[in-house]
């Protein structure tokens, strides 16, 4: 597919562009034709491909786990049941090790976060040209298949976690307790403006770092796959080398996509544990 573009830059720009729907400068609504037009659509523009794949993968996760639960047996388990039981035991062990309070919502949330992020990251292992080429043949100009390379998706997830942290901070400590936690430490009370600034910055940094860590790692991984794909547009020797390099990076990338899902889940548990904890 890389050979169909006039330059490597054009090929890279195409693969990094989302299918964006929004309002054009003339007031009409439709899909953007390029990054500049997508940026001009403003806040209410929506990346249709990110929404499609993220929601679809979420539904797939729910379907597979529900099917495993309905077909669970005390006898010889199926491969799917084995996998689901292993994931649940892994999540349960992670929650018990990082969350020291009582909240029945944390373990299901951790399971959902881990599996959803993992499945979105897993899309990065598909060859970069397959689905975009099929979409082009169907008349769809752009298609990004890895939702976690879209900062809108990663920030949406991290802000959801952030709102839960705020909710439980106020619920467990009260509004006054939460404010005192921000204003009266680590320095003496008369320095509360400094404390409030430092603690406020630290609080706001949590969702930002959570979102950017996932986005940055997955975006970099996707970029490397795209750069390797450019080799297939050269000589057959370069194409063979590119194939070997792509296989090696895909094997290594399996660790990255799993690790990023684990980090996102672990930080979610830790942040919620901190929201439940009383500071003295």
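Label-to-label distance, residue 235 versus residue 213, with points set 7 angstrom from Cα along the beta-carbon direction: 4.5 nm. If you build a Gaussian network model of the chain, linking Cα atoms that sit under 10 Å apart, which residue out of 112, 258, 28 swings the most? Maximum among the listed residues: 28. Subtracting the Cα-Cα distance of residue 249 and residue 138 from 0.36 nm times their residue separation leaves 37.0 nm of extension gain. For the peptides 62-71, 206-215, 135-144, the ranking by packing is 206-215, 135-144, 62-71, with the highest mean count of neighbouring Cβ atoms within 10 Å listed first. The long axis of helix 48-70 is offset from the longest Cα principal axis of the chain by roughly 70 degrees.
Note on residue 25 and residue 263: the extension gain reaches 81.6 nm, defined as 0.36 nm multiplied by sequence separation minus the Cα-Cα distance. Between residue 44 and residue 223, the FRET efficiency from the beta-carbon distance, with R0 = 30 Å, is close to 0.60. Legend: Rg and Dmax of the chain, from Cα coordinates, 22.4, 71 Å. Available extension along the chain between residue 52 and residue 194 is 46.7 nm, counting 0.36 nm per residue and deducting the alpha carbon span. Take each peptide in 94-103, 266-275, count the other Cβ atoms within 10 Å of every residue, and average; sorted highest first, the result is 266-275, 94-103. For the pair residue 71 and residue 126, label points projected 7 Å from Cα toward Cβ lie 2.3 nm apart.
Label-to-label distance for residue 60 and residue 16 is 2.6 nm, based on points extended 7 Å past Cα in the beta-carbon direction. Cβ-Cβ distance of residue 93 and residue 166, R₀ of 25 Å, FRET efficiency by 1/(1 + (r/R0)^6): the value works out to about 0.35.
Since every read-out is calculated from the coordinates, none of them should be taken as a lab result. Because the structure is predicted, anything quoted here is derived from the model rather than measured. Because the Cβ atoms are built from the backbone with ideal geometry, glycine has one as well, and the counts that use them run over all protein chains shown.
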